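For reference, the structure discussed in these notes is given below.
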Amino acid sequence: MKSPTFNIVIGSLLLATIFSCNKTETFGDYEKSNAIDQTTTSEISDSISSVATLQVKDKQFIKSGDINMEVKDVYDATISIEKHLQDLGGFVTSSRLNSQIVSEDTFNTSDENATLVRKFQTENNMEVRVPTEKLGAFLTFINDKKLFLNSRNITAEEVTANIKLAELEAKRNEKTAGNISQLKTNKDKVKMNDENNSEGNYQKVATLEMTDNLKYSTVDIYLKEPKLRIAEIAVINTTNIDNKYKFNFFYDIKNAFVEGFYLIQKLVIAMVVIWPILLIGSIVLYFFRRRKSILKLENPDSNS
């Protein structure tokens, strides 16, 4: 009986590259599409399908692709790819479209209106799943959308041995379950049965993932526009609006008069609040002056 950690390793082996043979195709630094002649275009289509449509008797391949290219309009290309992918029976697992704003300036065109000039560059990172038998057609469609192809990697990973290993592990797990069932019921039997069931679950999940990867190929697509784009957006002339309401003489005079009146009220209220202090101070001042007057009467010579 194997430990849970070993079970996870067994499940991972079903997707690992052990016993596998990879066939990879890489392209980079293509000329712009308007400079490619008919012969070159035909060769590109053939090279796309050579790996994407690879089929060998008694062999199973998991296919994937990684494409980095520049297009005229990222948004339009994204919509077109998504629609074509849906027609092929595929689907998008992620799409992260982002516009990087390089600069923006506002230019006033009248007292009320202005124009916001924004320079930006749009890019999109997509991950899509394509039915494996239609991968070649999908890659050919994408190739027609490019202005410049930075790089393209297409991989066909042989997993025939992994599939056979999964079948053998499933039979072994079933046989182990039969052996456990013949044991006398006790605490150890329950634990062994639980571990065997857990191992079987890992194997089933790994088999499902393997089947899904064989049926659908994963393609990562990076789209980018070659140059900055400019957007002209109509906005309000905020500078003129700020100046319009920044200062109003008569209104501010009226508010100053009212605020002055309120200030006087606050001072009167403050004096009423501190009346005990004022009373005590007045009494102290009275006795101080009286005592000073008495001292002057008693010492008239000192004053002269």
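The values are calculated or read from the model by the stated rules, or taken from the named source; none is laboratory data. The model shown is predicted, which means the values in this text are computed figures rather than measured ones. Here the Cβ positions follow ideal geometry from the backbone for every residue, glycine too, while neighbour counts run over all protein chains shown.
List of remarks:
Every residue, every condition in (1) buried (at least 17 other Cβ atoms within 10 Å of the Cβ); (2) in a strand (DSSP E or B), yes or no:
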{"site": "K63", "(1), (2)": "yes, yes"}
{"site": "K72", "(1), (2)": "no, no"}
{"site": "D76", "(1), (2)": "no, no"}
{"site": "K83", "(1), (2)": "no, no"}
{"site": "S95", "(1), (2)": "no, yes"}
{"site": "I101", "(1), (2)": "no, yes"}
{"site": "E104", "(1), (2)": "no, yes"}
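- Lone qualifier among N255, N240 - being in a helix (DSSP H, G or I) and closer than 30 Å to Q100 by Cα: N240
- Within region 187-215, being touching a residue at least 40 places away in the same chain (Cβ under 8 Å) and not hydrophobic (A, V, I, L, M, F, W, C) holds for E195, N196, S198, E199, Y202, Q203, T207, E209, N213, K215.
- Pair list, Cβ under 8 Å, 6 or more apart: region 172-186 residue under 11 Å from G200 (Cα atoms), other residue aliphatic (A, V, I, L, M) and outside any helix (DSSP H, G or I): T176/M1
- Filtering region 178-206 to residues that are polar (S, T, N, Q), more than 46 Å from the chain's Cα centre (by Cα) and closer than 22 Å to L165 by Cβ leaves only N179.
- In region 207-228, the residues that are surrounded by 15 or more Cβ atoms within 10 Å (Cβ to Cβ), more than 22 Å from the chain's Cα centre (by Cα) and not β-branched (V, I, T): M210, N213, L214, Y216, S217
- Hey, I221 in contact with a helix residue (DSSP H, G or I) (Cβ under 9 Å, 6 or more places away or on another chain), assigned to a strand (DSSP E or B) and among the hydrophobic types (A, V, I, L, M, F, W, C) or not: yes
- Tally, over region 237-252, of residues that are within 13 Å of D111 (Cβ to Cβ) and more than 41 Å from the chain's Cα centre (by Cα): 1
- Here N153 meets the list (1) in contact with a Leu (Cβ under 8 Å, 6 or more places away or on another chain); (2) in the same structural domain as Q86 (by TED's automatic domain parsing); (3) of a type in the set (S, T, N, Q); (4) under 25 Å from K83 (Cβ atoms) almost entirely, failing just condition (1).
- Flag if E199 is surrounded by 15 or more Cβ atoms within 10 Å (Cβ to Cβ) and not in a helix (DSSP H, G or I): no
- The condition of being within 26 Å of K59 (Cα to Cα) and surrounded by fewer than 16 Cβ atoms within 10 Å (Cβ to Cβ) holds for only one of E133, E158, that being E133.
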